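The values are calculated or read from the model by the stated rules, or taken from the named source; none is laboratory data. All figures in this text were calculated on a predicted structure; none of them were measured in a lab. With ideal geometry, Cβ positions are generated from the backbone for all residues, glycine too; neighbour counts draw on all protein chains shown.
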Amino acid sequence: MLTYTITSSDHCRRLESFLRTLLPSAALGYPRKLIKSGAVKLNATAASPDTFLYLGDTVTVKESSALTALLREDRPALDILYEDDLITIVNKPA
């Protein structure tokens, strides 16, 4: 089990948003899926993705091989083709 204590920087954020920050390389819906499956507990009880976090709360995440791999990955670098004050063009896979 991975345990995180909420600090002032995460105070008043939603649980799903906190997990997205924790897992930047995960698919957008992965944090919600983790919460709904019961793999994430807030103060040792089940929570919804929209639950707000408060200073001192404890978030516990059940460890898995997929989660461990996501924690080790960094966000992929962007291949920026063009950028100015108004627009950014990014090359991405189809």
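Annotations
- Some residue of region 8-24 being assigned to a strand (DSSP E or B) and among the aromatic types (Phe, Trp, Tyr): no
- Scoring residue 70 on the criteria (1) modelled with pLDDT of 85 or more; (2) of a type in the set (A, V, I, L, M); (3) outside any strand (DSSP E or B) leaves a single failure, condition (1).
- Flag for residue 66 being exposed (fewer than 13 other Cβ atoms within 10 Å of the Cβ), small (Gly, Ala, Ser) and within 12 Å of the chain's Cα centre (by Cα): no
- Residue ID - nearest to residue 12 (Cα to Cα), chosen from residues in region 43-57 that are surrounded by 15 or more Cβ atoms within 10 Å (Cβ to Cβ) and free of Cβ contacts under 8 Å to residues at least 40 places away in the same chain: 51
- Matching residues, region 14-36, being of a type in the set (A, V, I, L, M, F, W, C) and closer than 16 Å to residue 54 by Cα: 15, 18, 19
- Residue count, region 25-58 (criterion: more than 20 Å from residue 70 (Cα to Cα) and either part of a loop (DSSP other than H, G, I, E, B) or of a type in the set (D, E, K, R) (or both)): 11
- Cβ-Cβ contacts under 6 Å between residues 6 or more apart (or on different chains), taken from a first residue in region 16-42 that is more than 17 Å from residue 6 (Cα to Cα) to a second residue that is assigned to a loop (DSSP other than H, G, I, E, B) and among the basic types (Lys, Arg), are listed as 24/75; 25/75; 39/62.
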